[in-house]
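The values are calculated or read from the model by the stated rules, or taken from the named source; none is laboratory data. From a predicted model like this one, the values you see are computed outputs, not experimental measurements. Glycine gets a Cβ as well: all are built from the backbone with ideal geometry, and neighbour counts include every protein chain shown.
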There are 4 protein chains.
Amino acid sequence: MANSKFEYVRNFEQTDTLLANTWIVVRIDGRAFTKMCAKYGFEKPNDRRALDLMNAAAKAVVSDLPEITIAYGVSDEYSFVFHKACTLFERRASKLVSTVVSTFTANYVHQWSTYFPDTPLTSPLPTFDGRAVCYPSIQNLRDYMSWRQVDCHINNLYNTTFWSLIQLGGMDAKEADKTLAGTLSADKNEILFSRFHINYNNEPEIFKKGSVIFRDYELVDPMSHNTAQVVEAQAEPIQQSKTQNENDKKRRAKARILVEHLDIIKDDFWDRRPWILSNKPGKIPKET
Amino acid sequence: MANSKFEYVRNFEQTDTLLANTWIVVRIDGRAFTKMCAKYGFEKPNDRRALDLMNAAAKAVVSDLPEITIAYGVSDEYSFVFHKACTLFERRASKLVSTVVSTFTANYVHQWSTYFPDTPLTSPLPTFDGRAVCYPSIQNLRDYMSWRQVDCHINNLYNTTFWSLIQLGGMDAKEADKTLAGTLSADKNEILFSRFHINYNNEPEIFKKGSVIFRDYELVDPMSHNTAQVVEAQAEPIQQSKTQNENDKKRRAKARILVEHLDIIKDDFWDRRPWILSNKPGKIPKET
Amino acid sequence: MANSKFEYVRNFEQTDTLLANTWIVVRIDGRAFTKMCAKYGFEKPNDRRALDLMNAAAKAVVSDLPEITIAYGVSDEYSFVFHKACTLFERRASKLVSTVVSTFTANYVHQWSTYFPDTPLTSPLPTFDGRAVCYPSIQNLRDYMSWRQVDCHINNLYNTTFWSLIQLGGMDAKEADKTLAGTLSADKNEILFSRFHINYNNEPEIFKKGSVIFRDYELVDPMSHNTAQVVEAQAEPIQQSKTQNENDKKRRAKARILVEHLDIIKDDFWDRRPWILSNKPGKIPKET
Amino acid sequence: MANSKFEYVRNFEQTDTLLANTWIVVRIDGRAFTKMCAKYGFEKPNDRRALDLMNAAAKAVVSDLPEITIAYGVSDEYSFVFHKACTLFERRASKLVSTVVSTFTANYVHQWSTYFPDTPLTSPLPTFDGRAVCYPSIQNLRDYMSWRQVDCHINNLYNTTFWSLIQLGGMDAKEADKTLAGTLSADKNEILFSRFHINYNNEPEIFKKGSVIFRDYELVDPMSHNTAQVVEAQAEPIQQSKTQNENDKKRRAKARILVEHLDIIKDDFWDRRPWILSNKPGKIPKET
């Protein structure tokens, strides 16, 4: 029995290939996480267990998909960056997005009990949606990453002050909102310090900076090598021998995957880790 | 501190809205499930626990997303059909696909231990990818569904015979392959019956037909009402009052979600359940 | 000398295939035609020569591309409808749009001197842009056509009244605008009749209805055959023999292409010309 | 009379915005030009009048659309490059392609009689189709341009030899084809020289190199300034004052548009004309 009579329906599939030689960012976001936070009693303004779980799930994604060169997470969102030379799934948007979302969700649900041992998951379960965006130049990509990290800072400063006014200052949400209306960063720092003796600078880095995930190789002295422009040139796909590709693959597999809370807006982070933009694995650091 | 300097990166997001007034099928597929089957010792040719887990996860998706009018699953794949009038997520492909994939994955992983109590999940976890396809007419949609069910039949007949030759006939995979090369359906039925006294017709319906998920209302006498053409007309979006929409929503929420193993190729299934194509909830059956 | 080193650039081409089994409307619009009208002294509110030239160019498009089943034009715009079974250029949007626009423009420029013998074209020449839109159902397509014809009526009634106030009533544009602000159709009819003894109903059909282009076969008695629903079913692509396809092609090539000014909103136009939606050529009328 | 009942059909329009910050190449191709060449008796292997007409039409396109930074043509095709910072028509593919195609076609038809005074155009008229492709980096764009120019060379060398064998050597097409099967460039050069005393190097540049169109400013000493990498950086969109934008616009409008036949594969062409990639107009040369 052949299936040919109905097989014509395959012709309705439309291609969604992402433009070649562009950086692909797959960003995922928690669905209805405001409800989730309430349901599972997440601490305010930041729940360390929830962030650690996000990071654990994201680390599993980066580990499963070596084509991801860097990832950045804050709150209930995570951005995964595929190198512009990436050809995974022929760069089909739906395959890339669904694979990232599925791997992230699987790990988030599976590792939940590690981070929330006393709070079993119940239906509806935590879920995430995702989308893919292409960035043609390194400048565009870095501006995207900076955009997310600045957003992290703005939101965290606001939330830290807002919840201090409530938790320490005894306000209700409406009063706290009103107090913060129209304030600048400096004003919020001042409120934290003068009313609650909180120095915002001393807040945990994970709250202030978010989390960045990448493979660990030996840091490079930025003076010794690349300007941004040379990196742009280096980011052009290189024709390598099969042996070189195999070597790269092995080195990449050997590299530890780090979760750090660093500034990714300034050049220093990128200059010391040229492998992130060049996609050429660095030296594996000696174990100590 | 404003975020305006970097915010231009939002302009790189491209819309992926699916054409209005078309049936949206989101199909998900297990990633690397051949490995998965081996790793967790799935029974061959069909593992009932694995299929039940697929169905449980799919049922949760249909329950969470009332815009899904019918779903059909076989093996490690599932197709979810959004009615052509659906406006969920403004019909953005990446939102629809990622939400379905994430909800499915979350439930698959979370309910795993119910179906495989003695086999804990380990990394890499089971994951699924997905894609969305649009079908303009009811004929196209039904042909898509028929395509999947015919595929189920073809594969299951092949696999049942193949594994009988191995498990009951003592062949290895190569010999079984060779035995089946060029055989027609009738030949396979004959092999099953003459060599192993297996009447393929008596195999479980879930293996032969796959699984179809839909909401349960009172069945309708096909004689009493619709020809296919009238259904096509009825499937056109209707302007309803808000009250009617609210009523529909309540009725839909009240309806039980069924997982059945029925023929969806012939007209009968559709004619008796006009609500699947019309999106107009039927009568809730009286409990007995 | 091989060209392989650079040939990789072909991989950047992205497909723009339009969804199968949907009606494709390519609409073209004059670019900067307000300036054009002034430059070449088009008569207000309608320049018959300009409309005739539009129609001549559109007729050439329909003649060159037999896959177009109907076209409708008003003012400086024209909509060309490709049947939903059309596979021309594999339904690639850019090929379809550019071919229609190029053929239209070529004929517009080439036939200009026939309609404006005393007004030579000078740079910048008249040009048109275009876009393709897909409509899944006959209802959607007919609503599109109705939308354009209603627009024609609304604009023509307005313009006829506006220019009467100026040309016959001695107003300037500002006064005419003000006089018409907030008026309904009935008010405009009244102004035309009471002030200028113009009965709008007696205005030329080409101005009131726009122009519709289609192939000419023997009209059909609507009673004798199709309801809209049957037409929807008939519009499904049919598997025909090669001979039948050849015969259709010949009959289509033989058919005269008509430019008429008819109501295309009501059913009558479509019911009497079933070939437009079925794509099955009718009988060639006997010459008289 | 409102048009609201049908206006919903606008929702079927789908966006086709091209990715920001990428070079947009709109390439047009003559439709059925093999027939055209025969019909109008174009000379073989190159018809100088036909090429001059192509160039005249392309020059009009570049003149009408100042967002085009460079164009390259060969045979019956032309590629128009919009700078990556271009925001014309919000970068909608169909608007860009159709506008280029329409402007080109209008000028081709209108200027036909200048180049073919004794050969009036008849139906079907010459037409062109088009498509848009995005290139993310300068390297990709230059490789695209090189691809076309290498193609020009390969085809012209082949055609020159092929037609010499026929026109001078008395072969028919089949014999010429056979003679050239498997030959390399050197072989063709040798055939031309030894059999027909034709030194391919002395063939007209327009045949060997194709035609490149750009705005004319004072050439720049490549030593004095840019490496390719600096150009890549310079090509990033710059925030300029309105006055500066106005000045650029004026200078661009003043610049002569040149049609030349130069090597665009080597760096020299680009290094001496930095305005092509930077989009920053150079100095207007003094008239002599």
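The listed residues are C:Asp172, C:Asp151, and the only one of them that is within 14 Å of chain D (Cβ to nearest Cβ) and of a type in the set (Asp, Glu) turns out to be C:Asp151.
Just checking, which of D:Glu190, D:Glu218 is at pLDDT below 95 and either assigned to a helix (DSSP H, G or I) or in contact with a Lys or Arg (Cβ under 9 Å, 6 or more places away or on another chain) (or both)?
Numbers: D:Glu190 fails: at pLDDT below 95.
Just a single option satisfies the conditions, and that option is D:Glu218.
Just one of the numbered conditions (1) more than 8 Å from every other protein chain (Cβ to nearest Cβ); (2) touching a Leu at 6+ places or on another chain (Cβ under 9 Å); (3) touching a residue at least 40 places away in the same chain (Cβ under 8 Å) is not true of B:Ala132: (1). Applying the criterion of being charged (D, E, K, R) and part of a loop (DSSP other than H, G, I, E, B) to the residues of the range B:1-44, the residue that is nearest to the other protein chains (Cβ to nearest Cβ) is B:Glu13. When we screen A:Ala38, A:Ala60, A:Ala50, A:Ala32 for residues that are touching a helix residue (DSSP H, G or I) at 6+ places or on another chain (Cβ under 7 Å) and hydrophobic (A, V, I, L, M, F, W, C), the only hit is A:Ala60.
Kindly indicate the residue of the range B:135-148 that is facing another protein chain (nearest Cβ under 7 Å) and assigned to a helix (DSSP H, G or I) and also farthest from the chain's Cα centre (by Cα) among those meeting that condition.
Applying the first criterion (facing another protein chain (nearest Cβ under 7 Å)) to the range B:135-148 yields B:135-137, B:139-140, B:143-144, B:146-147.
If we keep only those that are assigned to a helix (DSSP H, G or I) too, we end up with B:139-140, B:143-144, B:146-147.
Details: B:Gln139: 18, B:Asn140: 16, B:Asp143: 14, B:Tyr144: 11, B:Ser146: 12, B:Trp147: 12 Å.
Applying the filter and picking the extreme gives B:Gln139.
Condition check ((1) more than 10 Å from chain D (Cβ to nearest Cβ); (2) among the aliphatic types (A, V, I, L, M); (3) on the phi < 0 side of the Ramachandran plot; (4) touching a Lys or Arg at 6+ places or on another chain (Cβ under 8 Å)) across all residues:
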| site | (1), (2), (3), (4) |
| --- | --- |
| C:Arg49 | yes, no, yes, no |
| C:Lys59 | yes, no, yes, no |
| C:Asp64 | no, no, yes, no |
| C:Ser94 | no, no, yes, yes |
| C:Phe104 | no, no, yes, no |
| C:Asp118 | yes, no, yes, no |
| C:Thr127 | no, no, yes, yes |
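The numbered conditions (1) under 10 Å from the mean Cα position of the chain (by Cα); (2) on the phi > 0 side of the Ramachandran plot are all true for C:Ser79 except (2).
Residue check: is A:Phe104 more than 13 Å from the chain's Cα centre (by Cα) and aromatic (Phe, Trp, Tyr)?
no
Among residues of the range C:173-198 that are within 13 Å of C:Asn159 (Cβ to Cβ), those with a beta-carbon under 7 Å from a residue that is of a type in the set (Phe, Trp, Tyr) at least six positions away or on a different chain give the pairs C:Ala176/C:Phe162; C:Leu180/C:Tyr158; C:Leu180/C:Phe162; C:Lys188/C:Tyr158; C:Leu192/C:Tyr200.
Does the range A:121-142 contain any residue that is within 29 Å of A:Asp187 (Cβ to Cβ) and of a type in the set (Ser, Thr, Tyr)? No, the range A:121-142 contains no residue that is within 29 Å of A:Asp187 (Cβ to Cβ) and of a type in the set (Ser, Thr, Tyr). Listed conditions (1) out of contact with any helix residue (DSSP H, G or I) (no Cβ under 8 Å at 6 or more places or on another chain); (2) farther than 30 Å from C:Val100 by Cβ; (3) not small (Gly, Ala, Ser) are all met by C:Asn159, apart from (2). Apart from one condition, C:Ala132 fits all of (1) of a type in the set (Gly, Ala, Ser); (2) over 24 Å from C:Phe80 (Cα atoms); (3) buried (at least 18 other Cβ atoms within 10 Å of the Cβ); the exception is (2).
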